[in-house]
Structure formats: C-alpha cells, structure tokens
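K.L.:
Sharing a structure with you now.
Since every read-out is calculated from the coordinates, none of them should be taken as a lab result. These figures come from a predicted structure and were not determined experimentally. All Cβ positions, glycine included, derive from the backbone under ideal geometry; neighbour counts span all protein chains shown.
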Amino acid sequence: MEVRFDMPNLMLQAIPVLEALVQQGFEAVFVGGCVRDTAMGLPIKDVDIATSARPEQVMSIFPRCIPTGLQHGTVTVLHDGGSYEVTTFRTESEYEKHRRPLQVEFIDRLDGDLLRRDLTINAMAMNAAGELYDPFRGLNDLKNRTIRCVGDADARFQEDALRMLRTIRFASQFEFTIAHTTWRALVRHRELLRHIAMERVHAELDRMIGGAHPGRALHLLAASKLLRYTGTVLPAAEKLAQVDPSYSELDKLNDPDARYAALLLAEGITLSDAEETLKALRLPTQKMNAILSVLFVQFAMNQLNQQSGLRLVWTSTVLQYGEEASRRWLSIVVWNQKHHLHDQKNLFDKWLDAMPAMTLKQLNLNGKQLAEELQRVTGNWTGLMLKRLLLEVALDKLPNEKDLLLKQAQIWNAEDQ
Ligand code: ATP
Ligand code: MG
C-alpha cells in the first residue's frame, strides 16, 4: 500500500518543477532531508529533487537555472521565487581515500541513486502526489527511531568516513538509536575518520554541539571514541571522550559558544590543550577567540583565593575580557552546580549589572582631556591612568563624571610625583 504525506508549502511550490520534468518523459522525485522531515512531521529546510534527466536536459527545460555542480549532476532551478537543487540520478563508484567519490556516473534508475545515500531515513523519495518510495524501509526506521546505514554499513563507512559523524549527528538530532550493525561498523572503522578534512569534522561537530541534544551527541562520540581518530589530533579528545554526567545537561546552555567553553572547561583540559583543539578544528578566528576568552575568564577567576577580593577580581576580569565573555562564563557557573563559584553567582550577576562602565569608551573622560588637565604630554601613563579610573568606576567607588574623574586623577598624579 502506498503511503502518502501532506507536503509542506515549500514542496508544494516545487511540484511544477517535478511535473515539467515528468512531462518531458523523465522521472523526477523529492529526495533527502525534505522527504525525511516531512515524514517526521517536521518543518523542512530546503527542497532537493532527483531526476533521470541529465544536467544539460534539465537546463534546456528550465530557462532560469544555475549550473551549481555540473560534474556531480546538480543544477539549481529557479522557479516562481523558489530555488531547487535538481540532481541527476547517479551512482558513486570508487571512493578516493574514504571521502569523496572518484567518479560519479549518471544512471536512469532511482533505485541506484537511493542506494548511494548514507542512511535509510535519508534514502526515501516522494513523488508529486506525495507517495513515498522507500526501498530500504526508511519509514520503518523512522517509526522505530532508528539510524541505519543503507545496505552494508561496513561498505558505507569505508566509502565515506564522514558518514560516521553524520550517523551520530542524526542520532543525536532526532534522539534516535543507532542500529546495532551500524554501530558496530562505525566503531570498527572509526580510525578512517583521519581521512576527513577537519573543516568537515568541525561542521558536523558544530551541528551536534549547537543542536537540540548535544549531550546525546557527546555520549555517542565518547562511547565510539571517534574523536580520537581525527586527522589533526585534538588534544582535548581524550578528556572529551570520558563520559561526563554534566554533558546530559548541556542543552540547558543555550549559546553554542558557551557549550564549547563548558566542554573545554572540563577538569584536566589545560588552556593550551583547549586552544590547540579549537585550532585543529579550524574554527573561524572570531569564534575561537570568543570561546577562548571564556576560558581566560575562568583562569582569571581561579586566581581568586579569598572572599574579600571577590568583587575586585571579578570586576578587573570583566574589564579585561569584556562583557560578552564574562556573561558567557557566568552562564556556565549558573548552569554548573558543581562549579566552585556557583554559590557566588548572584553576586557576580548583581555586580555586573551595576557596572556603570565596562570599557574605556564608556568612561566620561578621554586621554586628551586627561593630559590637558594634568598638563602632561600623553604617553603610556595616560592609558594606565584611564584604566585605573575605569576600575574605580566599575567598582562603583567613583561616579562616571568628568569633573570627579579629573579630580581623582589629580590626586593620583600628585601621589606619583
Ligand atoms: P539536513 O540538511 O537537514 O542536515 P539532509 O538529509 O538534507 O539533512 P544533506 O547533507 O543536505 O542532508 O544531504 C542531502 C542528502 O544527500 C541526504 O539526505 C543524503 O541522502 C545524501 N547525503 C548527504 N551526504 C551524504 C554522504 N556523505 N553519504 C551519502 N549520502 C549523503
Ligand atoms: Mg539538506
């Protein structure tokens, strides 16, 4: 019996594209994520179409298209305000070093195209009538909440080792269980991960850590020990691969950078291990610095040893590493009940909110004004004194008013002479 689904608008809008291809005698169906997500009742992200038409035939049917990846058979068709990736049915023969196929071959049959896909839930097709074509029983796996490779899992992972990370990513994203045979194959071939570019490892990891169930992803990464086998060694991998009970709570931190930082703050990971790990993952500099700043805040706060200096250390730390990193760090302290400063979280929060200025820009005095008042030539001392004034203001000991700031500067200047 045919299973039919109600299609979301994005797919309904693409039906004329399928129909135009069918009218010319070709086969054309929806494939991949949009079919899977529709079958799960989830919103879809984009619409992928597979067809028996060759790229040049696709291009001759649709006046507006972009030859996105002709060598892989992909043409982006623009139709009625939508854009759709239309890819010719293909097989992938021979894989270069466990990653990309050396050769793709265009074929006439949908079956062969679905066979090259990674997981059964990603290997279903749907026609314009919403009827499912599901030779690998992906729908059954969806119902049983199972992630399973198409066909022989050993072969799938050997062909393309990235699929191991995708397997874990989808299992965590949907909270599915990985089929026993698929899991065993994954563990068996885990060392093939070294063939995968670190950028791609990072992209998958980002989706796991930033996703709805990062704890589950980390648990699976730990259990498979997959992260030990990346092409560039991740110095923090060993520690990350130890299942930590706090991982299961990671989803309660809603900022992905805070999640990365929380992970790297695990006991036994040094600052330089953390830095090397982020570098190895080829994180964009800005993102890397944002995460590292949170670790620096932790490092600075560790210098604290007595209660009396709490506000001073916190305030100087906020001035040094900025509000964003400090708030991120605080969110981790609030989140982690075992953090040694957890009980002080409300104080940190209160003090932070009460800071009248956190940057030199926010100080109502600049270097030129200061130098004029003290009748000195600007120099090294100017910045130092402005910072000293900023600290007093941030500690709420001195109002952020030009006259009062100058008065304090006069006093210090006299003391220093
Ligand atoms: P999402 O985009 O929501 O993450 P998706 O299923 O659309 O999920 P894509 O990476 O966009 O994932 O890939 C589209 C389809 O291409 C997949 O559904 C799958 O059928 C196939 N596919 C993608 N990557 C691979 C791979 N490494 N090996 C085999 N098939 C793949
Ligand atoms: Mg997709």
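K.L.:
Would you mind pulling out the separation of the Cα centroids of region 166-240 and region 104-149, in Å?
P.N.:
Cα centroid to Cα centroid, the span is 23 Å.
K.L.:
Just from the alpha-carbon atoms, what are the Rg and Dmax of the chain in angstroms?
P.N.:
According to the Cα coordinates of the chain, Rg and Dmax are 28.4, 93 Å.
K.L.:
Treating only the Cβ of Lys, Arg, Asp and Glu as charged (+1, +1, -1, -1), what charge dipole size does the chain show about its Cα centre? Round to the nearest 20 debye.
P.N.:
820 debye
K.L.:
Picking from HIS98, HIS195, HIS342, which is most flexible by a Gaussian network model of the chain using Cα springs under 10 Å?
P.N.:
Judging by the Gaussian network model, the answer is HIS342.
K.L.:
Please identify, among THR146, THR74, THR378, the residue showing maximal mean-square fluctuation in a Gaussian network model of the chain using a 10 angstrom Cα cutoff.
P.N.:
Ranking THR146, THR74, THR378 by mean-square fluctuation puts THR378 first.
K.L.:
Does region 147-250 come out rounded, prolate or oblate by the C-alpha gyration tensor, with a ≥ b ≥ c the root eigenvalues, rounded set by a/c under 1.5 and, if not, prolate when a/b is larger than b/c and oblate if not?
P.N.:
Working: a/c = 1.61, a/b = 1.19, b/c = 1.36.
Since a/c reaches 1.5 but b/c is at least a/b, the shape of region 147-250 is classed as oblate.
K.L.:
Can you give me the long-range amide H partners of THR177? Hydrogens built in the peptide plane at 1.01 Å from N, cutoff under 5 Å, separation of 5 or more residues or another chain.
P.N.:
THR146, ILE147
K.L.:
What pairs in LYS287/LYS361; LYS287/LYS350; LYS287/LYS407; LYS287/LYS345; LYS279/LYS397; LYS239/LYS287 have C-alpha atoms more than 32 Å from each other?
P.N.:
Among LYS287/LYS361; LYS287/LYS350; LYS287/LYS407; LYS287/LYS345; LYS279/LYS397; LYS239/LYS287, the Cα-Cα distance tops 32 Å for LYS287/LYS407; LYS279/LYS397.
K.L.:
For GLN337 and GLN375 in one chain, what is 0.36 nm times their gap in residues minus the Cα-Cα distance, to one decimal in nm?
P.N.:
Answer, rounded to one decimal: 8.5 nm.
K.L.:
Continuing with this model, one more query. Please sort through the DSSP H helices of the chain and keep those with an alpha-carbon extent of at least 20 Å along the long axis and a Kyte-Doolittle average not below -0.5.
P.N.:
Flagged H segments are 285-302, 310-335, 380-394.
K.L.:
Calculate the length of the line joining the C-alpha centroid of region 27-102 to that of region 345-375, in whole Å.
P.N.:
Result: 56 Å between the Cα centres.
K.L.:
Right, next: If a/c stays under 1.5 just call it rounded; otherwise compare a/b with b/c (prolate if a/b is bigger, oblate if not). Do that for region 1-139, with a ≥ b ≥ c from the square roots of the Cα gyration tensor eigenvalues.
P.N.:
The shape class here is oblate.
K.L.:
Also, quick follow-up: Assign unit charges at the C-beta atoms only (+1 for Lys and Arg, -1 for Asp and Glu), then state the dipole size of region 1-139 relative to its Cα centre in Debye, rounded to the nearest 20.
P.N.:
Numbers: 13 positive and 20 negative charges, 64 e Å.
For region 1-139, the charge dipole is close to 300 debye.
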